[in-house]
């Protein structure tokens, strides 16, 4: 286990370096001046040059040098290492933007995962134990809708009905639990459908396996067998799905953030590129990349915890 | 099972609770987060809207009545030749920390605005002040040399940067026509008589900053020699306007509380404003209908949402004609970027194309707000005392258009080839372009191609003149016709058509020296007539903004063509729903 963690930690800087180089190159290939606006007047050339110089944007090498210096050593004005200024939101540092938005994205993603696990498990268990029942069919239908409907539709419907018409939740703001509910459901419906499918298939399979029959024959109660033994095994594919799912919910909440006005960092991912905000794109991409690597590591650890066979295999190697 | 519970509870812990939003007397929803809070750098209208809450300019322009009113200056004098302005700052003008507002604060702020270190889109609006432009260029040159020296290793240390800054201070004193005989008097010398100088002084780039605290947050970068103000200063800056920022949560909200030291505090009708950032228009609408916000100033200006609202016959829907024009630029150069001969260099072709646009259909079907059709470049009613020569504008007339095209040698239209419409991708720019393409095909037989580009790529093509026809818009910055017309002079960097007309240039110059405002506006109108006749652009419609607020509850909110508001005059009566 320790070896696995160490190996992943060694990989991390290498992966980040590759991602940095690729992103940096792509960002400089986006045409246009990050500081100009298509609909506004353009300043005279000498002012435009001065604007670019303020941020070292007049030369990619100077930019790369000062950017890397900023990340590792800090700059003259900002002695602490950081990701530089945002070009789109010039009174913010990219680090400020990320540290304000990332916890929100993580919280929302985590809340969505809870929704996904609860809804998905319930639907999956019902489907596996009582296939063809009314409950099963309706949970299947829910899963189908969850997978098929894009989140801007689900989100808008929830928003209009529960925040607009019924006014159970507030539309504006972020922070109190009531703000989490609708976006978490919207974001969690899709992974819930996957969880349900995994559990339904897995559990149905396991329930007809020999060891479950043996357990039942030895006198274990039905519920005990299902929840103590079968469900645990059925959860294994769900756990390996949790890594990408966590990454997807925490990083892929762009649409949900826009619909519910959630101040996460998903929107910066898109807007950074649209505005050619070099600093913001690099900062967000590097953050996301680190998160993805970290999630995969966590999933590996949790997987080993759930299924001790993996740990034995690693140790015997 | 308990392991599953363990995982769930770990995830649950991550979802920790936070706090809600503070209440306020007046809440409005901004359509996007602020790009700058440093007044020198502001160029977006939602930033400028906020700036007027925070900083008090020497004079204030009333965009509803088109008059100049006193701001931080209680009075001012203009020399007979129009070259010297003297402003007398109020004795009771104070910063939010209680410090008196002084002439030095303005000089400090205006110097910042003239430095290439902080260069911003509107820096050139400072160049009306004597010596400002040469100071800007001098400093730019010095910084370039400094950077070169730093690269070779013979410069680029803190002492060198500091001594360059000392030198810059002296240079500023010598070159720039700004002086303060005493703490409350500011004397400004101009390069040439500028009849609209007071309108400029009321603009955001002329706002003051609290010299002492800004200086403390500013340092010199020894590597580049440039000065830089810490960006976090602006989220809690010291202000001299009606409000100060009490709390800012990026991408969520900003809470403004009354500045108790503001000279006109007694006249303020509210003491707490909250600006919520809601980027998604349907979400903003839901929040408005749920009674969570009082005012929506940033609704989209075209498409189904404003169209549905405008048709609903509601007292809280307000349509306001704006000081902005939507049009198509024609590339007027004799040759195109690829070296081909340019058919649009012929005025008859441009006029014919413009004449074949059925603008009524566009404002009805595409933008759907029935925007006023633009027959002049300067929007009608946007500038006090100026009457655009609409009679010279081009109206829809396909028969004459065909005739003109035939005169130009394109008898059936299909031999007019190689034209394309360049637009920045956005739902209604695209639909308008499709509509206009089909109109030209139907009425003239001219086939054009459509060329949609993302914003940045679009700008690059415009700058390189790599287009034949391009979608464009222009919004005025200050309430004078030159804010529109100067853009079309031969040497203006924003003259994307590269249209050039000597007589037009001469008239614009003549207007600058015309002291009589009435006479001056007539000169400008005759310049615009030339522009309209030569049709370097096909004018399409005047922008219309849609605002949502309940006039029964909100008093003192006065929409105008410039999207400028005096939020301190807003009185909110009754409760939110």
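Quick look at the numbers
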read-out	value
222 nm mean residue ellipticity, helices alone, for chain A (DSSP H n ≥ 4; -39,500 (n - 2.57); rounded to 500)	-23000 deg cm²/dmol
Most mobile of A:146, A:164, A:243 in a GNM of chain A (Cα contacts under 10 Å)	A:164
Potential lengthening between residue B:191 and residue B:145 on full extension [0.36 nm per residue; Cα-Cα distance subtracted]	13.8 nm
Fewest-first sequence of A:223, A:229 by Cβ atoms within 10 Å of each Cβ	A:223, A:229
Residue among A:103, A:34, A:43 with the largest mean-square fluctuation in a Gaussian network model of chain A, springs linking Cα atoms under 10 Å	A:43
B:207, A:250 arranged by Cβ crowding within 10 Å, fewest neighbours leading	A:250, B:207
Separation between Cα centres of segment B:33-67 and segment B:168-202, rounded to whole Å	20
Cα gyration tensor shape of segment A:198-296, rounded if a/c is under 1.5, else prolate or oblate by comparing a/b with b/c	prolate
Cβ neighbours within 10 Å from other chains - mean over B:289-298	3
Gained length - residue B:491 relative to residue B:415, 0.36 nm times residue gap less alpha-carbon distance	24.1 nm
Model label zone, residue A:69; criterion: amide N under 11 Å from point 7 Å along Cα-to-beta-carbon; scope segment B:207-228	B:221-225
Value of Rg to Rh for segment B:417-555 (Rh from inverse mean 1/r over Cα pairs, i.e. Kirkwood)	1.05
Relative contact order for segment A:94-315, counting Cα pairs under 8 Å that sit 6 or more residues apart, in percent	29
Inter-part distance where segment B:275-298 and segment B:463-500 are each reduced to a Cα centre, Å	34
Peptides ranked, highest mean first, by Cβ atoms within 10 Å: ranges B:94-104, B:233-243, A:179-189, B:326-336	A:179-189, B:233-243, B:326-336, B:94-104
Approximate spin-label separation residue B:397-residue A:6, in nm, with each point projected 7 Å along Cα-to-Cβ	8.7
Separation between Cα centres of segment A:59-109 and segment A:118-148, rounded to whole Å	45
Cα gyration tensor category, rounded, prolate or oblate, for the protein assembly as shown with a/c compared to 1.5	prolate
Relative exposure of B:105, A:59, judged by other C-beta atoms within 10 Å (fewest first)	A:59, B:105
Efficiency of FRET from Cβ geometry, residue A:130 and residue B:510, R₀ 60 Å, rounded to 0.05	0.10
Crossing angle, helix A:236-251 versus chain A [Cα axis fit, 0-90 degrees, rounded to tens]	30
Additional length obtainable on full extension of the chain from residue B:171 to residue B:503, 0.36 nm per residue less Cα span	115.7 nm
Length-normalised contact order for segment B:204-243 - Cα pairs under 8 Å, 6+ apart - percent	36
Computed E for residue B:265/residue B:182 - FRET, C-beta separation, R0 25 angstrom, nearest 0.05	0.50
Computed over chain B: relative contact order in percent, which uses C-alpha pairs under 8 Å that are six or more apart	18
Label point at residue B:312 placed 7 Å out along Cα→Cβ; residues across segment A:137-177 whose backbone nitrogen lies under 14 Å	A:160, A:164-165
Cα long-axis angle, helix A:94-129 against chain A (0 to 90 degrees, to the nearest 10)	20
Cβ-derived FRET efficiency at R0 56 Å, residue A:166 paired with residue B:333, nearest 0.05	0.40
Degrees, to the nearest 10: A:178-207 long Cα axis against longest axis of chain A	40
Modelled label reach - residue B:99, point 7 Å along Cα→Cβ, segment B:225-243 residues with backbone N closer than 18 Å	B:228-243
Cα gyration tensor, segment A:94-315 - rounded (a/c under 1.5), prolate or oblate	oblate
Chain B: calculated mean residue ellipticity at 222 nm from DSSP helix runs of at least 4, using -39500 (n - 2.57)	-9500 deg cm²/dmol
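Here, each number is a calculation from the coordinates, and none is a lab measurement. Note that the structure is a prediction, hence the values are computed from the model and not measured. Cβ coordinates were reconstructed from backbone atoms using ideal geometry, including for glycine residues, and neighbour counts include every protein chain displayed.
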